Amino acid sequence: MIISSAEYLISSPDYEKCPVANRPEYAFIGRSNVGKSSLINMLTNKQKLAKTSNSPGKTQMINHFEIKSLPDNHKPHQKPDEWFIVDLPGYGFAKVSISSRRKWEQMIENYLRKRENLVNVFLLIDSRHTPQTIDLEFVNQIGDWGVPFTLAFTKSDKENQRTVAGNVKAFLEAMRKTWQFLPQHFLTSAEKKSGRDKMLGFIETCNKEWREK
């Protein structure tokens, strides 16, 4: 897949104010400071598309980005495929009030459960760490809601390969305690752009299936 255009569209305070649900949509969510904005920028090959910050909790609304893409073997003058990337607030909100936390949690739940064109949620997990309870709880929560998701392990370049592989294996083993079938997962690095082709290939396949419905 070739990204021909990636532009910020709108930030919405709840799912009802999101853009018209007329194209496939992919949401990105994870614990605060998991590298979500960096991953979105890497995928779109646009370094300042999603705003990165060292302060957790910067993303506070549902942020839509309008993406246009072409297959690798596209024909001259072929019309680009159009879809959305959505940057969601992180969970495990650091340094925010209880009222703000509850407001964000409800906003995220409503979006994930009611947004009709949501094809897949990329749930981001920091590969530098052993399984975190908050991540496993969120995995189980979106599973209970019946929301389709895949795992994207981030920051794989920040630790040695043995540590990263061990943390990924441990997380999947922890999931097996409550899950019969595990979701697809990707190992990524925003700096080295690893995982990009596989994630974009997955999105391209999903886009095709969505349009054939």
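We did not get these values from a lab; they are worked out from the coordinates using the rules stated. As the structure is a prediction and not an experimental result, all values here were calculated from the model. A quick note on method: Cβ atoms are made from the backbone with ideal geometry, for glycine too, and the neighbour counts reach across all protein chains shown.
Tabulated data
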| quantity | calculated |
| --- | --- |
| Order of Val20, Val119, Val86 under a 10 Å beta carbon neighbour criterion, fewest first | Val20, Val119, Val86 |
| At q = 0.08, 0.10, 0.17, 0.18 Å⁻¹, base-10 log of I(q)/I(0) for the chain (Debye sum, equal scatterers on each alpha carbon) | -0.26, -0.42, -1.28, -1.44 |
| Cβ-based net charge around Glu159, under 11 Å, with every Lys or Arg adding one and every Asp or Glu removing one | +2 |
| Cut-off 9 Å between beta-carbons: net charge of the residues surrounding Ala27, Lys and Arg +1, Asp and Glu -1 | -1 |
| Length added when fully stretched, Thr205-Asn110, from 0.36 nm per residue minus Cα-Cα | 31.6 nm |
| Residue-averaged [θ]222 nm for the chain, counting only DSSP H segments that reach four residues, each worth -39500 (n - 2.57) | -10500 deg cm²/dmol |
| Cα-centred dipole magnitude for the stretch 124-213, charges only on beta-carbon of K, R (+1) and D, E (-1), debye, nearest 20 | 260 debye |
| Span-like helix ranges in the chain, DSSP H, alpha carbon extent 20 angstrom or more, Kyte mean at least -0.5 | 161-175 |
| Spacing of the two label points (7 Å from each Cα toward its C-beta) at Lys177 and Gln132, in nm | 1.8 nm |
| Those aspartates and glutamates that a straight Cα-Cα span of less than 16 Å connects to Lys46, excepting residues fewer than 8 apart in one chain | Glu7, Glu66, Asp87, Glu191, Asp197 |
| Alpha-carbon centroid distance for the pair the stretch 1-46 / the stretch 85-152, whole angstrom | 14 Å |
| Neighbour net charge for Gly201 - beta-carbon separation under 15 angstrom, K R +1, D E -1 | -1 |
| For the chain, share of DSSP beta bridges that run antiparallel, in % to the nearest 5 | 45 percent |
| Dipole of the chain, positive end: most advanced residue of Gln78, Met42, Gln161 [Cβ charges, Cα centre] | Gln161 |
